[in-house]
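Undergrad: Sharing a structure with you now.
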Amino acid sequence: MTHDHDLVLRPTAAQTEAALNPPPGRTGGDLVVESLAALGATTVFGLPGQHALAVFDALRRSDLRYIGLRVENNAGFAADAYGRVTGEAAPLLLSTGPGALTSLAALQEARAASAPVLAICSQVPTAGLGGGRHGHLHELPDQAASFRGVVKSVHTARTQSQIPSALAEAWTSALTVPHGPVWVEIPQDVLLAETSIPVVSGGDTFPEELPPRPELTAVAADLLTRAERPAIVAGGGVVRADAAKKLRQLAELIQAPVVTTYGGKGAFPWTHPLSLQSWLEDRHTTDFLEDADVLLVVGSGLGELSSNYHTFAPRGRVIQIEADLGKLESNHPALGIHADARLALQALLETVGERTDPAAPDRVRQVLDRVGARIAAQDLTLEQDVLAAVRKALPPRAPSFWDMTVLAYWAWSAFDAKAPNTMHSAQGAGGLGYAFPAALGAAAADPTHPVLAVSGDGGALYSVAELATARQYGLNVTWLIVDDGGYGILREYMTDAFGTPTPTVTDLPGPDFVALAESFGVPGVRTSPETLETDLAKALAAPGPSVVVLPAVLRMFAPTHAE
């Protein structure tokens with residue numbers, strides 16, 4: 001009897017000949033590049049450094065497309081966005097020590113957002129490993145230790161023969177749910193040395209699926225079928241699993257209102273009669289969810305932003321579907337189902353009974369009306385008009401990337417993403433500088449749609465160097481910079497907490513962003529709230545990068561979590 005696991009793929013005659021007679025002049029760097037190509041990579045991001053030059057040299061002998069950014073952290077953000085948009089692991093090439101450490105904030109965001117990133121970093125020569133202080137340039141006592149608490153897994157290749165397997169193992173880890181960034185280290189001498197190892201030609205990997213336990217979905221289906229007031233919270237796990245259609249089918253089958261988290265924007269149609277939209281930072285929404293007798297949470301850990309700053313206290317039964325085991329029941333007791341959102345929703349669709357609840361849309365409308373009345377009472381017409389102008393100017397299928405800025409905070413709650421996997425922000429880890437380099441990564445992944453980046457002037461200053469990247473590669477990104485002369489959201493936070501901000505802390509005398517963009521050869525325009533829609537639409541329609549600057553001081557709507 002022959003079993004599947006006994007079968008071995010036999011090499012062809014051409015593969016055998018190539019293996020026996022590999023081309024001369026190859027190094028360990030070629031093994032890295034060949035392994036990436038064999039795994040299916042087509043685009044890599046990064047920044048060169050002395051210890052990693054063998055990998056960058058090998059790129060000349062490959063078909064991989066290289067997008068070089070000017071700051072390692074920005075390269076990490078670009079790889080993060082590429083992974084979010086494509087669902088593929090985005091290779092990120094880094095050098096030892098300072099270069100590696102500069103990427104940490106981006107990798108933290110990728111981990112928080114479950115974005116697949118394959119970070120490949122050089123190391124000091126093999127003789128310098130082990131924690132001794134040998135005085136090598138860029139030397140760290142234990143470089144991997146700096147990343148072990150940030151990335152999903154750490155892999156090391158200390159010989160050339162280990163490189164293909166280490167990269168395949170890391171690739172599999174990055175793409176096994178929950179997706180995430182992984183870290184691979186290879187010493188400089190291993191990368192530089194010539195190699196007689198055959199050209200890497202096989203790299204198929206098969207990330208494991210994460211199906212739900214059937215006894216748990218049976219209980220969940222029974223609870224939802226018998227519920228009187230079911231509701232659903234849909235998180236980023238629904239978007240990453242491409243499960244929006246299944247979510248909609250389930251919501252309609254059991255007539256359950258749906259709230260999408262900030263990471264789950266687009267997981268449910270914004271104008272659907274059962275859509276509570278994304279007003280999670282609102283007491284009316286929180287009260288509604290607390291009143292549900294059965295609450296289904298899909299692809300969310302109900303963290304700080306998804307729980308109205310941990311004021312949410314459900315009174316009914318909670319069912320939580322989550323691929324990240326660490327998030328399962330981490331904030332609320334639940335029927336915890338450790339599973340991929342798509343597979344779990346499919347299991348529920350196959351077992352749940354249909355419910356009829358003609359009053360559900362009316363209850364949804366009442367909540368949204370109360371939310372609207374609360375916002376209307378705060379004299380925030382400017383903010384709503386600006387956000388509406390952005391939505392009108394942005395094509396429905398065009399992706400957008402938002403920095404940690406006042407307009408983005410509005411967008412989390414009030415922006416209609418139109419479709420799944422089109423609106424992304426740095427709300428996973430909450431670091432500044434995400435939007436523009438991430439948008440560049442998305443534009444590299446899919447040049448068929450214009451890409452929008454939205455930053456404040458504070459966040460923009462993290463990323464201005466990447467105007468050179470946008471120009472060099474002709475990436476189709478329009479960068480909207482809302483210039484309020486400082487860290488606008490921190491002004492508000494300090495005022496709320498202490499009565500007044502500290503001007504030397506929150507105010508930022510900045511550059512003329514239009515002139516700065518033009519100095520890089522990128523077209524720039526200064527707009528106003530009245531002309532924003534027209535100017536932004538024109539910039540998005542033009543090929544290549546562009547910058548639109550909106551001088552405006554925007555305010556946040558009043559929070560409700562402290563009430």
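The values are calculated or read from the model by the stated rules, or taken from the named source; none is laboratory data. This one's a predicted model, so the numbers in the text were calculated from it and none came from an experiment. Here Cβ is always computed from backbone atoms with ideal geometry, including for glycine, and neighbour counts include all displayed protein chains. These accessible areas exclude ligands, DNA and RNA; they are computed on the full protein's heavy atoms, side chains included. Shrake-Rupley method; radii C 1.70, N 1.55, O 1.52, S 1.80 Å.
Undergrad: So residue 126 passes all but one of these: (1) under 15 Å from residue 181 (Cα atoms); (2) touching an Asp or Glu at 6+ places or on another chain (Cβ under 6 Å); (3) of a type in the set (S, T, N, Q). Which condition number does it fail?
TA: Only one criterion is unmet by residue 126, namely (1).
Undergrad: List the pairs whose first member sits in the stretch 511-524 and is without any contact (Cβ under 8 Å) to a residue 60 or more places away in the chain, whose second member is surrounded by 13 or more Cβ atoms within 10 Å (Cβ to Cβ) and assigned to a loop (DSSP other than H, G, I, E, B), and whose Cβ atoms are under 6 Å apart, counting only residues at least 6 apart or on separate chains?
TA: 522/545
Undergrad: Name the residue that is modelled with the lowest pLDDT, counting only residues in the stretch 269-280 that are under 25 Å from residue 113 (Cα atoms) and open to solvent by less than 10 Å² (accessible area, probe 1.4 Å).
TA: Looking only at the stretch 269-280, we keep the residues that are under 25 Å from residue 113 (Cα atoms), and these are 269-270, 275-280.
Filter once more, so that each one left must be open to solvent by less than 10 Å² (accessible area, probe 1.4 Å): 275-276, 278, 280.
On the way: 275: 98, 276: 98, 278: 97, 280: 93.
In this case the residue turns out to be 280.
Undergrad: Looking at 510, 544, which is the one that is at pLDDT 95 or above, under 29 Å from the mean Cα position of the chain (by Cα) and open to solvent by less than 60 Å² (accessible area, probe 1.4 Å)? Walk me through how you get there before you give the answer.
TA: On the way: 510 fails: at pLDDT 95 or above.
The match here is 544.
Listed here are the residues, each with its yes/no results for (1) in a loop (DSSP other than H, G, I, E, B); (2) touching a Ser or Thr at 6+ places or on another chain (Cβ under 8 Å).
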{"site": "306", "(1), (2)": "no, yes"}
{"site": "309", "(1), (2)": "yes, no"}
{"site": "314", "(1), (2)": "yes, no"}
{"site": "318", "(1), (2)": "no, no"}
{"site": "333", "(1), (2)": "yes, no"}
{"site": "337", "(1), (2)": "no, yes"}
{"site": "347", "(1), (2)": "no, yes"}
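Undergrad: Here's another thing I want to ask about it. Taking residue 461, is it hydrophobic (A, V, I, L, M, F, W, C) and either open to solvent by less than 10 Å² (accessible area, probe 1.4 Å) or without any contact (Cβ under 8 Å) to a residue 40 or more places away in the chain (or both)?
TA: no
Undergrad: Residue 386 passes all but one of (1) within 26 Å of residue 555 (Cα to Cα); (2) β-branched (Val, Ile, Thr); (3) open to solvent by 10 Å² or more (accessible area, probe 1.4 Å); (4) over 21 Å from the mean Cα position of the chain (by Cα); which number fails?
TA: The failed condition is (3).
Undergrad: Can you tell me which residue among 58, 79 is farther than 15 Å from residue 441 by Cβ and modelled with pLDDT of 95 or more?
TA: When all the criteria are applied, what remains is 58.
Undergrad: Follow-up. Among the residues of the stretch 294-310, how many are in contact (Cβ under 8 Å) with a residue 12 or more places away in the chain and open to solvent by 40 Å² or more (accessible area, probe 1.4 Å)? Before you say what the answer is, go through the steps one by one.
TA: Residues of the stretch 294-310 that are in contact (Cβ under 8 Å) with a residue 12 or more places away in the chain, as a first pass: 294-303, 305-310.
When the remaining residues are screened for being open to solvent by 40 Å² or more (accessible area, probe 1.4 Å), the result is 309-310.
Result for the stretch 294-310: 2.
Undergrad: On to the next question. Within the group 370, 363, 342, 283, which residue is touching a residue at least 12 places away in the same chain (Cβ under 8 Å), open to solvent by 30 Å² or more (accessible area, probe 1.4 Å), closer than 25 Å to residue 219 by Cα and not aliphatic (A, V, I, L, M)?
TA: None of the others qualify; the one that does is 342.
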